[in-house]
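Let me begin by presenting the structure, written as structure tokens, before commenting on it.
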Amino acid sequence: MDAALGPSERHAVRPKRLPRQRGRIRLRTIIFIRWIAVAGQLSTLLFVQFGMGFPLPLPWTLATVAALAVVTLGAQVRRSASHRLTDRESALYFAFDMVQLSVLLFLTGGLNNPFAILILAPVTVSATTLSYRSTLGLAALAITCINVLAFYHLPLPWSGEGYALAPNFVMGLAISLGLAVLFITSYVYRVAQESRRLSDALAAAQAALDREQSLSSLGALAAAAAHELGSPLGTISLVSRELQRELEPDDPIREDIDLLVSQSARCREILAELSRRPEEQQADHFNAMPAPLLIELAAESHRRPEVVLRIEEQADPADPVPPLLPRRPELIHGLGNLLQNAIEFAREEVKVTIAWNAGEIRITISDDGTGFPRELLDRLGDPYLSRGADLKKAPERKGDHMGLGIFIAQQLIERSGGSVSFNNNAYGGAEVIAVWPRSAFEGASEHE
């Protein structure tokens, strides 16, 4: 049973993701941070020069701060503050900020300056918002700037003869800052990436649920239309038949009246068909049905002629009647997603076992395919589990296996009050077990 969506569902439930070059930062945010940096750098330089009395190359340092202010002002004037920067544009902004800060540190003592730690800020922000490629480039730039500042810089502003840390300490500081860039960048990027993947996957799950709700609402609307149109259509049919009986066979309009009668009869057949469909039996479209019938409904659109779907019941002796399950969109789509994957990767048979007792309802979906890889069993249910890899290594289906289908199914079933577990059966095929407490469906029979 694969952890990916089938071809038909990929277009239906997968969220439309932004291209990778698109960033998530608005220009307003960059401008705000930069003006804070300009104010902070300027006030620090003036305080050190005039408040503490330490000599600074003030013209050069002020020119460096002015360069940041001019670039920020130009960006603010040239574009709307609400403009969302691309990944490349954001990376260039951060790269400029890093180089500007490095020049300022070069003029004020290099790594001897306690403010050298601020060089980590741009690459850390990049790790939370930008692509891996941009973050890697900024990390390389940060390490380069740190190494240059370790060897080349003007003296640290200090009273008397000046102050400089021991070369060994400066070298150790350069190494520690370089390692901090790598560690912080890697750690923050992975955490942010996990958050982005979870957000995208939850959006896909919500899209799947919205789709099922839309289809159910459309069915309810069709049933309501069939009911409301029945009376006027009956009147049209009655009047047209009366006219048909009164007209002579050779009357010029007899042919038109006959056509009107036949078409009104056709309309009545269509409306009757809409009214007979099980999903439109009630206006709220959340009517309950026996669990085996719900399984049949969820699997209907995913059937393959060469794969047999076998449904077995393990009844509680005290309660031999199959439990009623509500026709909720999350149940239909969640179970349908699991059934689709089982059917697509089964060789000959998919077995669904429905067991129930006074406390719980258990649905086990098992196929005779190749099963889940053992090393991935503990991770099934994570979104985007294996980008570009086949989780089941099925030779007949290569490509976009990202764990999103199982994630969506798990989220929807848990939303209905159940839980999902994954394993391989005794024959080597995949097995998914969904369990609900009977209390999760209390009142379902009231809709019958």
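Each residue in ILE33, ILE119 was given a count of other beta-carbon atoms within 10 angstrom of its own, and listing them fewest first yields ILE33, ILE119.
State the extension gain, in nm to one decimal, for the chain segment bounded by VAL70 and PHE183, taking 0.36 nm per residue of separation less the distance between their alpha-carbons.
Working: separation 113, 0.36 × 113 = 40.68 nm, distance 3.30 nm.
Using 0.36 nm per residue and subtracting the Cα-Cα distance, I get 37.4 nm.
Using packing as a proxy for protection, rank 333-343, 309-319, 426-436 so that the peptide with the highest average count of other Cβ atoms within 10 Å comes first.
Working: 333-343: 26.9, 309-319: 12.2, 426-436: 18.4.
The peptides rank, most packed first, as 333-343, 426-436, 309-319.
Sorting the segments 408-419, 239-250, 296-307, 144-155 by their residues' average number of neighbouring beta-carbon atoms within 10 angstrom, most packed first, yields 408-419, 144-155, 296-307, 239-250. Using 0.36 nm per residue and subtracting the Cα-Cα separation, the extra length available between SER439 and ILE253 on full extension is 60.5 nm. Distance between the pseudo-spin-label points of ARG79 and ALA358 (7 Å out from Cα toward the beta carbon): 6.7 nm.
In which sequence would THR64, THR364 go, from the one with the fewest C-beta neighbours within 10 Å to the one with the most? Walk me through the intermediate numbers first.
Values: THR64 22, THR364 19.
Placing the least packed residue first, the sequence is THR364, THR64.
Between ARG374 and ALA318, the contour length at 0.36 nm per residue exceeds the Cα-Cα span by 16.4 nm. Less than 5 angstrom separates the built amide H of ILE25 from those of LEU85, all sequence-distant by 5 or more or on a different chain. Taking label positions 7 Å along the Cα-Cβ direction at both ARG415 and ARG304, the computed distance is 2.8 nm, reported to one decimal.
Throughout, read-outs are computed from the coordinates displayed, never taken from laboratory work. On a predicted model such as this, the values are computed, not experimentally measured, just so you know. Note that each Cβ is placed from the backbone with ideal geometry, even for glycine, and that neighbours are counted across all protein chains shown.
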